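Before any comments, here is the structure.
Laboratory data are not the source of any read-out in this text; all were calculated from the coordinates shown. All of these numbers come straight from a predicted model, not from anything done at the bench. When we count neighbours, we look across all protein chains shown, and the Cβ atoms used for this are built from the backbone with ideal geometry, even at glycine.
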Amino acid sequence: MSQELSQFSQDLEKSFAGNSYSYKFENHVIFTDTKNLLSVMARLKDEFGFNMLLDICGVDNSKRPVSEWTHGIRFESVYHLLNMDKNERIRVRVPVNVEGGEIVPSVMPFWKGADWFELEAWDMFGISYLGRKKERLLTHHEFVGHPLRKDYAADHNQPLSESSEIFFEADPAISEDDARKREWINIGPSHPATHGTLRIMAEIEGEVIKRSKLEIGYLHRCFEKMTENHLYNQVIPYTDRLNYCSSPMNNIGWCKAIEDMMGIEIPDRAKALRMVLAELSRVIDHLVCIGAGAVDLGALTTIFFCLEQREKVYELFEKLCGARLTVSLTRIGGMAQELPVGWVTDCLEVVKIISKNIEVVDGLLTKNKIYTLRTKVAPVSAADAIAWGYTGPCLRASGVNYDIRKNNPYYFYNDVDFEIPIGQDGTPFDRYLVRMEEMRQSLRIVTQVLNNLPSGPYQSLDKRVCIPPKREVYTNIEGLMNHFMLIMKGVRPAVGEIYSATEAANGELGFYVISDGGPNPYRVKVRPPCFAIYQSFNEVVHNQMIADAVAELGSMNIIAGELDR
Amino acid sequence: MSTNKRLVSALASRSEEDFALDRLVVTTKADSFLEWAKRWGQSNSLWPFPFGTACCAIEYMAVVGPKYDASRFGAEVVRFSPRQSDLMIIAGTITEKQAPVLRRIYDQMADPKWVIAMGACASSGGFYRAYHVVQGVSRDIPVDIYIPGCPPTPEAVLQGIMQIQDRIKKGVSAYGDSVVAAEAKAAKAAAMLKASSN
């Protein structure tokens, strides 16, 4: 494995001799410039099989010493690509002279999924992409300035006077008579099917959607700006509120990124507990998705069964930490606390009950004629899914066998026995089936891990991240100093950057973290799975009925906290 | 509007005997008895509009779900049309982009109406001291009850609903107060205008 990896590495290095190449934290890194960007991307895609675009983000270097800026340029546009066969990730960094009016070529011809990521980079940093509109994506349309630049104050609010009006430009492809048949409707943001924070503007002919526009950002809570003002451990509660249906997974993703960056190996018990929490939260996330999706289609009974099961998992979380939803259970270097007495037995009991009751949900929906007819619509092909950057259940429902837990196993996913369900044609019904099966597999994992739970400490003993036991603090000077330094100065990873990904309930949850050696992260970019999925919505619902769009939306499982951050 | 004026005036004329149904002898006027019966009915058949935007909305789902069951308080008929509801539950963070939507929906609700700000974000912006987050919805609309927590437990939300019921029985609402305040302000302005023209 390592030889193959290094072979791949060597090939990359040879091929991109003109650009500085490096390999760190399991990420390949290439520097290039705006002139060569497209040729580099083309070669990466065709020769090296980087077929999925994971993320595009901007970076503002102005608070770093000028000597560390690439070619003395303040802004960077950073791309993350994924090779799904070899499971390699590469980062392409492109310095952009924004003040000098430099424009970055758009990578839309290679990956459709670059769409919103490029808009976001303009919104947040003012980096322009060739041929792309300069539209606000996350902030509102009266917003002035680019909030993630270092010179924008985090608490500088700009109130909005009025929402934007629904508007479609005249469609040149149709005649005037046809144009008269069309009308505009506005769905959301306060609409039961859009779950409060999504807005769909549609141009319809009868019941059929001819054109549509999405407006997001109604829950843009500035996660990335907030992280820049908080200590590494203080970011954990913010990550809870990204995908709030499965908070522990976000905690784990964040902590894993920082641990990988600092080279900390967490104890076996912490790894096992994280797996248990991750799989339990995957179950409740899928339950809410299926239940809420069914409510949107008029099946009200299902959600009560789903919520009842979810309540049981919340009780487990409550026993563990006192909170139900926003748990903040992990810390950098391990878990926040030890399990209470009897928790494992309770958990195994709950797993049994849920496994039984999932079959009730299955009985309510899988062979329900109305449900199947309404959800077997709007298929998404595997090629489209990859081009848009789908991950997670939506990608697997399109028939692509990719799951980070299998392809690049972290923790003990290699040692447990579970299977990855695959769908056929990517309809909402396939996604539902994939989610149902994933829940069963997750419960299998939980049972296996709990039956073989390793003993030992729940936190790493690494002095850089974990407070020593009180006994040490009170009796020995070294312990006292360690405690003092951690409390006063916080966790401080060395200068560097990492992209670390975990398989969350919605797909690949990536954290791109840049550290300048200080107590706060210099820049954090979340790669939210449903952001990439939701940008395809316009294309997927084109020429579909409005009612089908609702089914599609429910099955995509868009969580606004994660979408808008 | 007129209903609310009645509510406010009923509050002023309220006396202990008016509500003493638990005694055997009821001495009251038909008018105030009807007012009492109306408030009693209103307080036990709240139709909430869940303005759910974020994590609190997920917890609100638990409140109307099987275990906590808001229907025990008559508040389970969740309406997504502001025209049909009389209690707005703001569950989640309100951003600058969302604020005009919130204002418009609040204006669309028929009076009498009550508002619960559920959770830290709706009450004060919570730990998001950030450029795109409204620092408390009371900037935009009058709020009756603030429920602390991030998110609040379902028990806390139920207590909030019970406090709204109390407010209804007493005939108090933040909306009514805001109407009275607005009228007083208008009257004062008119008086000043008159004085200055004299």
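Among A:Thr326, A:Ser247, A:Leu287, which residue has its Cα furthest toward the positive end of the charge dipole of region A:226-380, with +1 on Lys/Arg Cβ and -1 on Asp/Glu Cβ?
With unit charges placed on the Cβ atoms, the residue in question is A:Leu287.
On a full-extension model of 0.36 nm per residue, what is the gain between B:Ala187 and B:Arg103, subtracting their alpha-carbon distance, rounded to one decimal in nm? It would help to have the intermediate numbers written out before the result.
Working: separation 84, 0.36 × 84 = 30.24 nm, distance 2.46 nm.
Computed gain between B:Ala187 and B:Arg103 is 27.8 nm.
Let me check against my output: what whole-number percent is the relative contact order of region B:39-198, with C-alpha pairs under 8 Å and at least 6 apart?
Details: 281 pairs, mean separation 37.5, N = 160.
Relative contact order for region B:39-198 comes out at 23 percent.
Can you tell me, using C-alpha contacts under 8 Å and at least 6 residues apart, the relative contact order of region A:280-385 as a whole percent?
The value is 23 percent.
How crowded by other chains is B:118-130, given as the mean number of beta carbons from other chains within 10 Å of each beta carbon?
Numbers: counts 0, 0, 0, 3, 0, 0, 0, 3, 2, 7, 9, 7, 13.
That average works out to 3.
What distance in nm separates the simple spin-label points at A:Glu26 and A:Asn538, each placed 7 Å from Cα in the Cβ direction?
3.5 nm
Tell me the label-point distance for the pair B:Lys194, A:Asp151, using the 7 Å Cα-to-Cβ offset, in nm and rounded to one decimal.
It works out to 5.6 nm between the two label points.
Magnitude of the Cβ-charge dipole of chain A, K/R +1 and D/E -1, about the Cα centre, nearest 20 debye? Please report the intermediate quantities before stating the final value.
Details: 62 positive and 75 negative charges, 220 e Å.
Dipole about the Cα centre, nearest 20: 1060 debye.
Using only the alpha carbons of region A:406-489, determine the length spanned along each of the three principal axes and report them from longest to shortest in whole angstroms.
The Cα atoms of region A:406-489 stretch 63, 29, 19 Å along the principal axes, largest first.
So, R0 is 22 Å and r is the distance between the beta-carbons of B:Ser32 and B:Asp166; what FRET efficiency does that work out to, to 0.05? Don't skip to the end; give the middle numbers.
Working: r = 18 Å, r/R0 = 0.83.
Calculated transfer efficiency: 0.75.
Treating only the Cβ atoms of Lys and Arg (+1) and Asp and Glu (-1) as charged, compute the dipole magnitude of region A:260-409 about its Cα centre; round to the nearest 20 debye.
Values: 18 positive and 17 negative charges, 72 e Å.
Charge dipole of region A:260-409: 340 debye, to the nearest 20.
For region A:434-565, how big is the tail of P(r) above 26 Å, as a whole percent of Cα pairs? Before the final figure, lay out each step's value.
Values: 4694 of 8646 pairs.
In whole percent, the share of Cα-Cα pairs in region A:434-565 beyond 26 Å is 54.
Pairs of Cα atoms under 8 Å, at least six residues apart: use those to get the relative contact order of chain A, whole percent. Kindly include the intermediate steps, with their values, before the conclusion.
Numbers: 1043 pairs, mean separation 92.2, N = 565.
Relative contact order here is 16 percent.
What value, in deg cm²/dmol to 500, does the helix sum -39500 (n - 2.57) over DSSP H runs of n ≥ 4 give at 222 nm once divided by the residues of chain B? Intermediate results must be reported in sequence, preceding the final value.
On the way: 7 runs with 93 residues, N = 198.
For chain B, the value works out to -15000 deg cm²/dmol.
Just for region B:75-183, what percent of DSSP beta bridges are antiparallel, to the closest 5? List each step's numbers first, then the result.
On the way: 1 of 9 bridges.
Given both bridge residues lie in region B:75-183, the antiparallel proportion sits at roughly 10 percent.
Bin by bin, in steps of 10 Å, what percent of the Cα pairs in the protein assembly as shown do you find, going until the bin that has the longest distance?
Using 10 Å bins, I get a P(r) of 2, 13, 22, 25, 19, 10, 5, 2, 1, 0 for the protein assembly as shown.
Run the numbers for A:Ala170 and A:Ala383: contour at 0.36 nm per residue of separation, minus the present Cα-Cα distance, in nm. Let's see the in-between values first.
Values: separation 213, 0.36 × 213 = 76.68 nm, distance 3.09 nm.
Taking A:Ala170 through A:Ala383 to full extension adds about 73.6 nm, to one decimal.
Can you tell which of B:Ser197, B:Pro148, B:Gly52 lies farthest toward the positive end of the dipole of region B:44-198, using +1 and -1 charges on the Cβ of basic and acidic side chains (Lys, Arg; Asp, Glu)?
With unit charges placed on the Cβ atoms, the residue in question is B:Ser197.
Going highest first, how would you order B:156-163, A:498-505, A:540-547 by mean Cβ packing within 10 Å?
A:498-505, B:156-163, A:540-547
Between B:Asp177 and A:Lys134, what's the calculated FRET efficiency when r is the beta-carbon distance and R0 is 51 Å? Round to 0.05.
So the FRET efficiency works out to roughly 0.70.
Once you average over the residues of A:303-315, how many Cβ atoms of partner chains fall within 10 Å of each Cβ?
Mean inter-chain Cβ contacts per residue within 10 Å come to 3.
What FRET efficiency, computed as 1/(1 + (r/R0)^6) with R0 = 35 Å and r the Cβ-Cβ distance, is obtained for A:Glu419 and A:Val341, rounded to the nearest 0.05? Working shown, then result.
Details: r = 33 Å, r/R0 = 0.96.
The pair A:Glu419/A:Val341 has a calculated efficiency of 0.55.
Packing-wise, with mean Cβ within 10 Å as the measure, how do B:76-89, B:117-130 rank, highest first?
Working: B:76-89: 18.1, B:117-130: 23.6.
Answer by packing, highest mean first, reads B:117-130, B:76-89.
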